[in-house]
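Notes to accompany the following structure.
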Amino acid sequence: MKKEYLMRAAVLLLTVVLWAGMLSAAAGEAAYAVLDGATLTEDVIADEAEDITAECTFSFSNRKQTAAYTKRLTDGKYDTRWRQQDSGQGWLTMRTENADRPIASLYICFDTIPPEWEVQIQESEDWTTVHTGDDAFYHVYVPLEMPTVAVRVLSVKPRTKMQIAEIRAYAPGAIPSAAQVWEPPVEDAEILFLATHADDELIFFGGGIPTYATEKKKAVTVAYLANCGPRRRHELLNGLWSMGVRNHPVISNFPDKHEKTFTAEYKAMGGKNRVMRWVVSLYRRFRPEVVVTHDPKGEYGHVQHRVCAAIAEEAYDQAADPAFDPESAEAYGSWQVQKLYLHLGKENRIEMDWSVPLSSLGGITGLEAAVRAFTYHVSQQEYSMNVTKTGKQYDNRIFGLARTEVGVDTVGGDFLENIPPKAENGKEGNVQ
Ligand SMILES: [Ca+2]
């Protein structure tokens, strides 16, 4: 195996970056080419593994599920899926007749991740577990040490309702550029971008995420206060991936609701205290120096955005108070965020510049990266909102420093102004 890895490393060194053509193609073609999300930003690898999904036949634990379900798993669409429909364990099997081109890896896009799942390969009559999954990532790449002609994804516990929107099988080769290989969320973050819904991080925070996470290589955590459902979850992953983000975002289980009042909104989300505890534990777990979130007026007045801004500011104090939610204080330590920026906030305004070319993304600007990422939010294209251009309504360059432990910005244009490099900060919690 070592020799194989050396070869892959050598191939990686020979990668060729193809940018110009891809950028112009991105907007139109991204619509249903879900798995192309990565292709647009990844280096093109000379010997990347070939997609052999079309050569495979599928079978399912529920024998009534056949051709229609195969199509749903391979149609490139996130609004069609295979659902486990069994009282026992659920599984799907992919099998190829071509032993010369066996299955060497799988790429799975889960709608619903079962609590325990495994990838198994068939050896004679028996199935052998070769990978134990977890519930960390919705998009998972699973390389198989021993390429095989038959592989299955198994939900270990009965009746778990595993759901998969898309699956691909690959022949031996380098990691395919279409597969997203996520890393865990950044612990010990420098910046936490807290958006409400999938796509808000692009529309209202502009080029912030690619500028800091990808170009400046800062420790960035992206979190979403609302869970907009499986389809938009896939879209947000594709969008973030296209901007060079490699740490999986954090997505709550709060519903996507647009109520008329704070009271109704909190009620729909299970109560204010529950929302507060989630955001406080987010701060304590990821220890951001800086939090960037919504307009306190909810941009166009969306009450869930307003809730997000309000809770983000209250949590600034609560996360530092060990008496609030002692359980998460015990688990993660209390945490004092150093700066809180609110989009369009009135106090201590700064103006960000998202027109700087990012060499890490082939020279496109942060704003262009956000505009492109938005094309992966296929389900949202019919609405009037889009990534705001400079100077337009809901200007995504304008932020107000609502809270600070390190004074106001004097230079401006940098969320991390006055924040010492992360290495100087302790990891044991910063509240005495
Ligand atoms: Ca599908």
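Just one residue in the set 99, 104 is aliphatic (A, V, I, L, M), outside the structural domain of residue 235 (by TED's automatic domain parsing) and surrounded by fewer than 17 Cβ atoms within 10 Å (Cβ to Cβ); that residue is 99.
Search the stretch 287-307 for residues being basic (Lys, Arg) and more than 16 Å from residue 275 (Cα to Cα), and hand back the single one that is surrounded by the fewest Cβ atoms within 10 Å (Cβ to Cβ). Can you show your working first?
Filtering the stretch 287-307 down to residues basic (Lys, Arg) leaves 287, 297, 306.
Going one step further and asking which of them are more than 16 Å from residue 275 (Cα to Cα), we end up with 287, 297.
Numbers: 287: 27, 297: 16.
So, considering only residues that are basic (Lys, Arg) and more than 16 Å from residue 275 (Cα to Cα), the one surrounded by the fewest Cβ atoms within 10 Å (Cβ to Cβ) is 297.
Of the residues contained in the stretch 395-417, one or more are found to be touching a residue at least 12 places away in the same chain (Cβ under 8 Å), farther than 24 Å from residue 189 by Cα and assigned by TED's automatic domain parsing to the domain that holds residue 200.
The values are calculated or read from the model by the stated rules, or taken from the named source; none is laboratory data. These figures come from a predicted structure and were not determined experimentally. Please note: Cβ atoms are built from the backbone with ideal geometry, for glycine as well, and neighbour counts cover all protein chains shown.
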